[in-house]
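Every number here is computed from the coordinates shown, using simple stated rules; none is lab data. Being a predicted model, the structure only gives us computed values, none of them experimental. Counting neighbours? That spans all protein chains shown, and the Cβs are built from the backbone with ideal geometry, glycine included.
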Amino acid sequence: MTLAEEVRLLLEQALAVYRDSPRAAAWLRRHRSRLDEPVRVAVAGASRAGKSTAVSALVGEEFVPTGAWAWYRDGTRARAVVGGHEVPIARRDGRAFVDVGDAERVDVEWPARSLRDVVLVDTPADAPVEQVYGEADAVLYLTRHVGSADLRYLRAAHDHPVARAAPVNTVLVLARADEVGGGRIDALSSARLIARRHRREPQVKPLCQQVVALAGLLAAAARTLRDDEFAALTALAAAARVDLEDHLLSADRFVGEDFPVPLPAAARRALVDRFGIFGVRLTTTLIRQGFGTRVQLTGQLVQRSGLAELREAVGAHFTERRDALKARSALLGLDVVLRNENRPGTAALAAGVERVLASAHDFRELRLLAALQAGRVRLPEEQAAEATRLVGGLGTSPAARLGVERLPGDELRPAVLDALGRWRERAADPASDQGARRAAAVVVRSCEGVLAVS
């Protein structure tokens, strides 16, 4: 029986126990239906962290922030629902706008390939951490600088028995990376270095699976680049560098008078609003370097903005872990009911939850990843890196687990058998401590799983 089947069976059993409790039954049915949905990824963080901009970049459409809970799903046509009623999606300066009034939630369906495997949830700045992690299966937490308040928020997300048994469903995003160091030309490189440093910090490592840097404004502009903007940027790049240099030092100078390119101030102001002055400097430089077509330019901007790395992180840690994350959410939901409404039959359900958490290999992999990140399991550096990879820390596909981009089918099996043999020896090594042997046993089971599908 798969993990999803085990969890679904538990929910069915719970529905039988709580069939005469409308509130509990509705809650359980809601979590049962969530099992069939794409992974719900909440985008959370403090005010002005760039949450809505990150959502726009991921979807590939620029949305005006609503201030409410905004749910974005794939759909056959663009539509928005507020309070059970469909409302129009208008255009304001090229951006999609939904008037939510004083409603707390808006559901947006948008035809987008990027939404086929995820549901993105743009959360209000004041959304309680319990609600964010309760509504979502995984979280992108945005912050401009990692501080004590961010760490408290992320620790609170793990303050639950089920969350501790199936830990880590968060990617930390250093947002507005183009503003690092006052927006210097090397801002994005510096932001990536800062993100790598945070990945190694003991207080951060146990709380998230990855730390990435994102220049959200640049990423969103790249995904939604318009013809008139590309023409304006091309005209700027055609001007002599020395003539433009002083005007690109600040936004005020860029939109000021005596501009050397025949480009109206309103058009220049629109470019700054969309790209930021850093983005304008970067795009003109890239066009001069030979990325002179729209496709070439957007490809470079997506890569340099950090959006490509963020997409990879969402894929490797969220969508590829869909079954484990959906099961985790369902067990958290079931635990809420068991704690709030005790009755005959709940003891057996609680035992079933504990059994699934303890025995499901998906959760064992997550626990091992968290233990390796936190240093609770100590292995030699090379072994720790290999164990992280083999249990799916860099992606759950056979190629990702084996650390190769592509491997022919006839070469896959020998590679898995080689890894399996090494880790079986480590699992049985009497010179290793108990924690290392248990970790090796989890890796062995992961290798056996890859072998079964190869």
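One table, with the values for the structure above:
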quantity: Order of T234, T143 under a 10 Å beta carbon neighbour criterion, fewest first; calculated: T234, T143
quantity: Zone residues, the range 198-222, relative to Q289, backbone N less than 17 Å from point 7 Å out along Cα-to-Cβ; calculated: 215, 218-219, 222
quantity: HN-Hα J in Hz across the range 276-282 - Karplus 6.51, -1.76, 1.60, θ = phi - 60°, x for Gly and Pro; calculated: x, 5, 4, x, 5, 4, 5
quantity: Cα centroid separation - the range 41-112 against the range 330-377, whole Å; calculated: 33
quantity: Ranked H85, H158, H317, criterion: other C-beta atoms within 10 Å, fewest first; calculated: H85, H158, H317
quantity: Gyration tensor verdict on the range 1-102 (Cα atoms; rounded if a/c is under 1.5, prolate if a/b is larger than b/c, oblate otherwise); calculated: prolate
quantity: Farthest positive-ward along the chain dipole, Cα basis, beta-carbon charges - from Q210, A440, A96; calculated: A440
quantity: Size descriptor, Kirkwood hydrodynamic radius, that averages inverse alpha-carbon separations across the range 219-304, Å; calculated: 12.7
quantity: Taking K205, K51, K326 and counting other C-beta atoms within 10 Å, the order from fewest to most; calculated: K205, K326, K51
quantity: Two-site label geometry, A90 and L451: point separation in nm, points 7 Å out along Cα→Cβ; calculated: 6.4
quantity: Computed [θ] at 222 nm, deg cm²/dmol, the chain (DSSP H ≥ 4; -39,500 (n - 2.57); rounded to nearest 500); calculated: -16500 deg cm²/dmol
quantity: Rh by Kirkwood over Cα pairs, then Stokes-Einstein D for the range 377-453 at 1.567 mPa s and 4 °C, µm²/s; calculated: 104
quantity: Cα coordinate range in the range 39-168, projected on the principal axes (Å, largest first); calculated: 42, 27, 26
quantity: Whole-Å semi-axes of the ellipsoid equivalent to the range 1-60 (Cα gyration tensor, √5λ, descending); calculated: 34, 15, 8
quantity: Loop-exposed GluC sites (Glu not before Pro) per DSSP, neighbour cap 10 Cβ within 10 angstrom, longest uninterrupted part of the chain; calculated: 1-256
